[in-house]
Amino acid sequence: MRNLIILSLVFVVVLWALVILVQPRMAFFPLPGIQRTPAAAGIAYEDLRIVTSDGVTLHGWWMEHPSPRAQVIYWHGNGGNLSLWLDVFADIRQRGFSVLAVDYRGYGGSSGSPSEKGIYLDADASVRYFAERLRKDVATIVWGRSLGSVVAAYAASKSPPDALVLESAFPDARSLFAANPLLLGLSFLSTYRFPTSRHLTGYRGPLLVIHGDADTLIPFAGGRKVYDAAPGDRKMFLALRGADHNEMYARRPDYWPAIDAFIEKNFGSRHTRE
């Protein structure tokens, strides 16, 4: 009996160590380098280097609009890098927004290796840089997609923006494995939490949650849970009918009208697109 207990403990410790080892590879899919820049989309931009509190140097782009409706700090998903997400940034910029987009540590031209704690430090440094050097007297919108929704919610909890937009969000990491008993069990050994809903508990500003109802990676129900649990009454939910996770949402006819309505409701007609 004693040997069985010892073997069981050894097994759990080894399994825990393996989970800790592989969790960054399960959560992050960085693409190194810079394959395209905003110049490829005809957008003038400033190449940024932002140093975090733990000494990591982040690479970012500042795509300033000459007469912005608002300024956007955008956090992309867990795959690729800024170059891969360029079409999204370009569309937001062409809709009348200035855009700050920053690659997480280990992505694109940023140094370091990604981790949950690390990407929060990346958010802290980027928001601080924005406040000190880029912010103007217009509304600030923090915008995140997929994994970026966690980072956006975290950033909003630390320095509340004028509005928050979350696309394809999930309440926490464990909620992603609800349909898989094995992965759900292993998630209890992981140190990664990605608690979007917990980050939102202190934010009561305008919130727009967007989710495709045919999302095969992050269940539509997860986005609804994030919305339902978010405090305050200044929130909207947009269900994109038939949309899967990796679709270019901006190409849908129901996407930008909903965002424009959200902005007009919270900031007035002077922030709507002409």
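Quick note: the coordinates plus some simple rules give every number you see, no bench work behind them. Since this is a predicted model, take the numbers as computed values, not measurements. Using ideal geometry, Cβ is built from the backbone for each residue, glycine included, and neighbour counts are taken over all protein chains shown.
Each label was represented as a point 7 Å from its Cα along the Cα-to-Cβ direction; for T216 and T57 these points are 4.1 nm apart.
Given +1 at the Cβ of Lys and Arg, -1 at the Cβ of Asp and Glu and no other charges, the dipole of the stretch 2-271 around its Cα centre is 440 debye to the nearest 20. Cα-based radius of gyration for the stretch 90-229, normalised by 2.2 N^0.38 Å, reads 1.08.
Residue exposure proxy: I119, I34, ordered by other Cβ atoms within 10 angstrom of their Cβ from fewest to most, comes out as I34, I119. The protection proxy used here, the mean number of other Cβ atoms lying within 10 Å of each residue, ranks peptides 252-263, 70-81, 140-151 as follows, highest first: 140-151, 70-81, 252-263.
Relative to the longest principal Cα axis of the chain, at what angle does helix 220-229 sit, 0 to 90 degrees, rounded to 10? Tilt relative to the chain: about 80 degrees.
According to the square roots a ≥ b ≥ c of the eigenvalues of the Cα gyration tensor, what is the shape class of the stretch 80-147, taking rounded for a/c under 1.5, prolate for a/b larger than b/c otherwise, and oblate for the remainder? Cα axes put the stretch 80-147 in the oblate bin. Note on the stretch 2-271: Lys pairs 8 or more places apart or on different chains, Cα atoms under 24 Å apart, count 9. Axis angle, to the nearest 10 degrees, between helix 116-129 and the longest C-alpha principal axis of the chain: 20 degrees. Between the beta carbons of E46 and M248, assuming R0 = 41 Å, the FRET efficiency works out to 0.95 to the nearest 0.05.
With the Cα gyration tensor of the stretch 205-274 giving a ≥ b ≥ c as the square roots of its eigenvalues, does the rule (a/c under 1.5 for rounded; else a/b larger than b/c for prolate; else oblate) give rounded, prolate or oblate? Oblate is the answer for the stretch 205-274, as a/c is 1.5 or above yet b/c matches or exceeds a/b.
What FRET efficiency comes out for A239 versus T191 if R0 is 41 angstrom and r is the Cβ-Cβ distance? Round to the nearest 0.05.
About 0.80, to the nearest 0.05.
Return a whole-number percent for the relative contact order of the chain, with Cα pairs under 8 Å and 6 or more residues apart as the contact set. The value is 15 percent.
Please find the FRET efficiency linking S113 to D260, where r is the Cβ-Cβ separation and R0 is fixed at 30 Å, and quote it to the nearest 0.05. Don't jump to the answer; show the numbers that get you there.
Values: r = 39 Å, r/R0 = 1.29.
The computed FRET efficiency comes out at 0.20.
Note on the stretch 2-271: Rg/Rh from Cα positions, Kirkwood definition for Rh, rounded to two decimals, is 0.99. Dipole orientation for the stretch 2-271: of the candidates N81, A70, F177, F177 has the Cα lying most toward the positive pole (charges on Cβ; Lys, Arg +1; Asp, Glu -1). Helix 255-267 and the long axis of the chain differ in direction by around 70°, with both axes built from C-alpha atoms.
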